[in-house]
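> Would you mind keeping the following structure in view while I ask a few things?
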Amino acid sequence: MLAGGCGAGVRGTGRAASSPPCSHPAGSAGTPVMFNENGDAPGRYDIFQYQLTNTTVPGYKAIGQWTEYLRLNIEEMQWSGGQQDIPSSVCSLPCGPGERKKMVKGVPCCWHCELCDGYQYQLDEFTCETCPFDMRPSPNRTACRPTPIVKLEWSSPWAVLPVCLAMAGILSTTFVVVTFVRHNNTPIVRASGRELSYVLLTGIFLIYTITFLMIAEPGVVVCAARRLFLGLGMALSYSALLTKTNRIYRIFEQGKKAVTPPRFISPTSQLAITFSLSAVQLVGTLAWLGALPPHSVIDYEEQRVPNPEAARGVLKCDMSDLSLICCLGYSLLLMVTCTVYAIKARGVPETFNEAKPIGFTMYTTCIVWLAFVPIFFGTAQSAEKIYIQTTTLTVSMSLSASVSLGMLYVPKVYVIIFHPEQNVAKRKRSFKAAATAVSASTRLSQKGSEHQNGADFCLPPHPHQVDSCLSPPHTHSKPVPYTSPPWAGERTQESWLLPAPPPL
């Protein structure tokens, strides 16, 4: 038998014999008869496709053959839906950029494509990996890129309003200080307590300037200045107001019990009390600076939103919400204490030494800060937290400073500039005589008509002395009702000045 039909030797002769040239006899179908190396005839197949046409009866149509290789007549083929292109004969298509292959169990050639979501990127064709905390995936999620850094800019709408308020407040405070310095020895300035007034105005000025530190680009110097001045200006202001209010309350209460003035009501004592209260804030801040040196940080968590394209890192100082409230806590305590004394002194006559204006100032300030708390903490989870909280804090501080400036000093400046005829000294009474008179008036139900014997004599004030009034001894024994305040010293159109103890 011949293998392959040609090229085989003659068996049984013991020697090789050359075969005749290769030839393939034709079969009954007219096709050549061939055998493979195993002596088998190769397969031969006709390929048919069932087709639906509008011109002929539907049926099978030959579109190709298989004899050792495939031969297809593409033009004769028909696809479902009239499609002209050859459909893909694969189980799964390749995955796109940013997608990983999730293999189908038991079918090695089939998979599902899954997009790397969130902050993930495509590490290889089978794995998605999360980007480092300070980075975000590229748009096609094939790599990671740095997260942009943002901060509160001076041109931001969130910064425009606080800066405008602070600038207006600084100019107004400077104008008030200049006016008081130019009219330093006039009765209204003296009656307002010059020493404490300058301290209070200094605190108000510092409150306005903190706005610029809160908006400035965070750094070691800026962060240290924020810690130092954020609470110092408020502590200085409310220490001065608390000292004033406490002085009024003590004098008012002392006048009901005795004719001697209370202790520590001189300007020097008032300044010592004010600076002692402010020193608590200063010492605490310095200790904080020493224990935890200030520095700037980049917070990537604050604006790490679900969409990586909107993710930002926030450049800010290392002050948490809790540390900021602790920094302001002492000042808020002084504010509440001052409000309590203002309520206690609400019965003081209107003309007495700013009692009523201080009360209205503290009530309004408390309302401002009560509105600040829910806004500040209610936006803790907002993506705009850094902007909203900074704007809320600076506006609240500027408003509280403006309330103090407007209610306590604008009326005085108005009188000094536009009504100088009212800025004159009036009749004075000593503390002892006035206290005795009012103590008697509280015990009598009817008004007395007898004029008090013995007038007070007031010397021209010494430049370094708040008051220089001397009172002669009273020759009558029966107290005479007197409707003026018992603590009346130098009275002006706006307020009463408390006299220092008479010099001996």
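> Using a Förster distance of 30 angstrom, determine the FRET efficiency expected from the C-beta separation of E125 and Q65, and round it to 0.05.
0.20
> Per residue, what accessible area does the stretch 99-146 have, given a 1.4 Å probe and all protein chains present, in Å²?
64 Å²
> Give me the accessible area of H295, 1.4 Å probe, in Å² rounded to the nearest 10.
Rounded to the nearest 10, that gives 80 Å².
> Next question, about the same structure. Using R₀ = 30 Å, calculate the FRET efficiency as 1/(1 + (r/R₀)^6) where r is the Cβ-Cβ separation of V368 and V424; round to 0.05.
Details: r = 36 Å, r/R0 = 1.20.
E(calc), rounded to 0.05, equals 0.25.
> Under the 0.36 nm per residue contour assumption, what length would be gained going from the current alpha-carbon distance of Y414 and S320 to full extension?
Numbers: separation 94, 0.36 × 94 = 33.84 nm, distance 4.26 nm.
Between Y414 and S320, full extension yields 29.6 nm more.
> Which pairs in the list K257/K356; K244/K316; K61/K105 are over 28 Å apart, alpha-carbon to alpha-carbon? Please report the intermediate quantities before stating the final value.
Working: K257/K356 23 Å; K244/K316 38 Å; K61/K105 38 Å.
Distance filter (> 28 Å) returns K244/K316; K61/K105.
> Still on this structure: Can you give me the accessible area per residue for the stretch 327-409, using a 1.4 Å probe, in Å²?
Working: 3220 Å² over 83 residues.
I get 39 Å² per residue for the stretch 327-409.
> Here is a follow-up. If you take every residue apart from I63 with its C-beta less than 15 Å away from the C-beta of I63, what net charge results, scoring Lys and Arg +1 and Asp and Glu -1? All intermediate terms of the calculation are to be shown ahead of the outcome.
On the way: positive: K61, R71; negative: D46, E75, E76.
My count for the surroundings of I63 gives -1.
> Say R0 is 22 Å: what FRET efficiency, to the nearest 0.05, do K102 and N307 get from their beta-carbon distance? Write down the numbers at each step before the final one.
Working: r = 24 Å, r/R0 = 1.09.
FRET efficiency, K102 to N307: 0.40.
> Here is a follow-up. Given a 1.4 Å probe and every protein chain left where it sits, what share in percent of the accessible area of the stretch 257-355 is carbon and sulfur?
Numbers: 3440 of 5030 Å².
Percent of accessible area from carbon and sulfur atoms in the stretch 257-355: 68.
> If you place +1 on the Cβ of every Lys and Arg, -1 on the Cβ of every Asp and Glu, and leave all else neutral, what size is the dipole of the stretch 150-422 about its Cα centre, to the nearest 20 Debye? Please report the intermediate quantities before stating the final value.
Working: 20 positive and 14 negative charges, 232 e Å.
Computed about the Cα centre, the dipole is about 1120 debye.
> In nm, what is the difference between 0.36 nm times the number of residues separating D117 and N140 and their Cα-Cα distance? Working shown, then result.
Values: separation 23, 0.36 × 23 = 8.28 nm, distance 1.09 nm.
Computed gain between D117 and N140 is 7.2 nm.
> While we're on this one: Given points 7 Å out from each Cα along the Cα-Cβ axis, report the L333 to K257 separation in nanometres with one decimal.
That separation, rounded to one decimal, is 2.6 nm.
> What does a probe at F133 reach in the stretch 312-328, counting residues whose amide N is under 20 Å from the point 7 Å along Cα→Cβ?
Counting only backbone N, you get 312-323.
> With a 1.4 Å probe and every protein chain left in place, tell me how much accessible area R100 has, in Å² to the nearest 10.
About 60 Å², rounded to the nearest 10.
> Let me ask something else. Extension gain E76-E37, at 0.36 nm per residue separation less the Cα-Cα distance, in nm? Spell out each step's value before the answer.
Details: separation 39, 0.36 × 39 = 14.04 nm, distance 3.48 nm.
Net length gain for the segment: 10.6 nm.
> Per residue, how much accessible surface does the stretch 184-289 expose to a 1.4 Å probe? Answer in Å², no decimals. Intermediate values should be presented prior to the final figure.
Working: 3830 Å² over 106 residues.
Heavy-atom SASA per residue in the stretch 184-289 reads 36 Å².
> Taking +1 at the Cβ of each Lys and Arg and -1 at the Cβ of each Asp and Glu, which of L277, C327, P294 sits farthest along the dipole of the stretch 275-331 towards its positive end, judged by Cα position relative to the Cα centre?
Value computed over the given set: L277.
> According to a simple spin-label model (label point 7 Å from Cα along Cα-to-Cβ), what is the distance in nm between D299 and L171?
The modelled label-to-label distance comes out at 3.3 nm.
> Express the carbon and sulfur contribution to the solvent-accessible surface of the stretch 99-146 as a percent, rounded to the nearest whole number, probe 1.4 angstrom. Don't jump to the answer; show the numbers that get you there.
Working: 1730 of 3050 Å².
Heavy-atom surface of the stretch 99-146 belonging to carbon and sulfur, 1.4 Å probe: 57 percent.
The values are calculated or read from the model by the stated rules, or taken from the named source; none is laboratory data. All values reported here derive from a predicted model rather than from experimental measurement. Every residue, glycine among them, receives a Cβ derived from its backbone with ideal geometry; neighbour counts consider all protein chains shown. Ligands, DNA and RNA are stripped out before the accessible areas are found, and what is left, the full protein with its side chains, is counted by its heavy atoms. Shrake-Rupley method; radii C 1.70, N 1.55, O 1.52, S 1.80 Å.
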